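Here is the structure we will look at.
The values are calculated or read from the model by the stated rules, or taken from the named source; none is laboratory data. What you see is a predicted model; the values in this text were computed from it and never measured. Every residue, glycine among them, receives a Cβ derived from its backbone with ideal geometry; neighbour counts consider all protein chains shown.
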Amino acid sequence: MQILNNLPPYNFGGIENQDYKNAKIVILPVPYDSATSYKSGARNGPNAIISASRNLEFYSEELNVNIQKEVGIYTTEELTPNLNSLEENIKDISKEVAIILDDNKVPLIIGGDHSIALGSIMAIASKYKDFSILHFDAHADRRDKFMGSKYSHASIITRANELCSNIYSVGVRSIEENSAKKYKNDILFINNIHRIRIRKIADIILKKLKYKKIYLTFDFDVFDISEMPSTGTPEPDGMHFYEVKEILKIILQKKELIGADFVELSPIPGLIAPDYLAAKLIYLTIGYAFSNKHKNKKE
């Protein structure tokens, strides 16, 4: 956060003089929520996250590093969504992410409903042959179709599985019966998480992620509604900020993050704490993944 007489620039972190050339992370806001099935409003998520992020401190006392200074973050203009076709919208996202990848940057998409993740994953799959997907979510999102669409936010992991063979889901507590039986070995359910310690949780996840390179798709409804009420499909009995960030800290020290999306924040007017939680988690995730001090730290 910069202390200025005027408001900081409108980008993630309120960064003065953004530098695309030297940035490692490129944030692409996608204000789209036409694939939602319950409460709309995720289209307002990118604006809420960016607005909250302008109040972040660049220095992380946890990592003892200025994450923005070391890593470099650049925020693009919002991608204008294609409201006429969900499939075309996904293709548009894929094209934009491909440009970021071609420039040897790491794309980080903020949404928006979960359907936008597929566009990012499509571009990742075109560039990388062997990678795993780490999926945090209250819902399994493994239906083949939902509400007549195979690109619904409830089908995102099924579609992603057509592009990536190794996907592991964490925090799930809402799943339809057939999927629960079929994918029981690919999901760490919340009931199991409650019973084991963070270090063991991280070890379980690491064993399930087959490849060094990982893509992170993060649905904010994985959090308990007491901390994150601002989602379109809230589920009680979720994860908490501390355990999520500690799990990510361990995972990202050992794995190479090649892309990410953070989705399904549906802001509630007048309630800014969840927006700030989302921004803080994104910033810490960048630090965990790319801070040399953290990556080189001996356990």
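When Tyr74, Tyr20, Tyr59, Tyr38 are checked against the criterion of being in contact with a Lys or Arg (Cβ under 9 Å, 6 or more places away or on another chain), under 23 Å from Leu281 (Cβ atoms), in contact (Cβ under 8 Å) with a residue 24 or more places away in the chain and not basic (Lys, Arg), a single residue qualifies: Tyr74.
Here is a yes/no grid of residues against (1) within 17 Å of Glu243 (Cα to Cα); (2) touching a Pro at 6+ places or on another chain (Cβ under 6 Å); (3) among the small types (Gly, Ala, Ser):
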site	(1), (2), (3)
Ala154	no, no, yes
Cys164	no, no, no
Ile167	no, no, no
Val170	yes, no, no
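Of everything listed in (1) of a type in the set (D, E, K, R); (2) surrounded by 24 or more Cβ atoms within 10 Å (Cβ to Cβ); (3) not in a helix (DSSP H, G or I), the single unmet condition for Asp221 is (3).
Listed conditions (1) more than 14 Å from the chain's Cα centre (by Cα); (2) closer than 30 Å to Asn185 by Cα; (3) not acidic (Asp, Glu) are all met by Leu56, apart from (2).
Pairs meeting the criteria (first residue in the range 251-262 and farther than 15 Å from Ala125 by Cβ and touching a residue at least 24 places away in the same chain (Cβ under 8 Å), second residue in a strand (DSSP E or B) and of a type in the set (D, E, K, R), beta carbons under 6 Å, at least 6 apart or on different chains) are Glu256/Lys213.
I'd like to check something: does the range 93-112 contain any residue that is surrounded by fewer than 20 Cβ atoms within 10 Å (Cβ to Cβ), of a type outside the set (Lys, Arg), in contact with a Ser or Thr (Cβ under 7 Å, 6 or more places away or on another chain) and closer than 18 Å to Thr285 by Cα? The answer is no; no qualifying residue exists. At least 2 residues being modelled with pLDDT of 95 or more and within 18 Å of Phe290 (Cα to Cα) is the threshold, and among the helices (runs of 4 or more DSSP H) wholly inside the range 24-118 those reaching it are 67-71, 86-102. Would you check which residues across the range 166-193 are touching a strand residue (DSSP E or B) at 6+ places or on another chain (Cβ under 9 Å) and either under 20 Å from Met122 (Cα atoms) or not in a strand (DSSP E or B) (or both) and list them? If the condition is that a residue be touching a strand residue (DSSP E or B) at 6+ places or on another chain (Cβ under 9 Å) and either under 20 Å from Met122 (Cα atoms) or not in a strand (DSSP E or B) (or both), then Asn166, Ile167, Tyr168, Ser169, Arg173, Ile175, Ser179, Ala180, Tyr183, Asp186, Ile190, Ile193 are the ones that fit. Against the test of being out of contact with any helix residue (DSSP H, G or I) (no Cβ under 9 Å at 6 or more places or on another chain) and in contact (Cβ under 8 Å) with a residue 12 or more places away in the chain, the options Ala98, Ala154 yield a single qualifying residue, Ala154.
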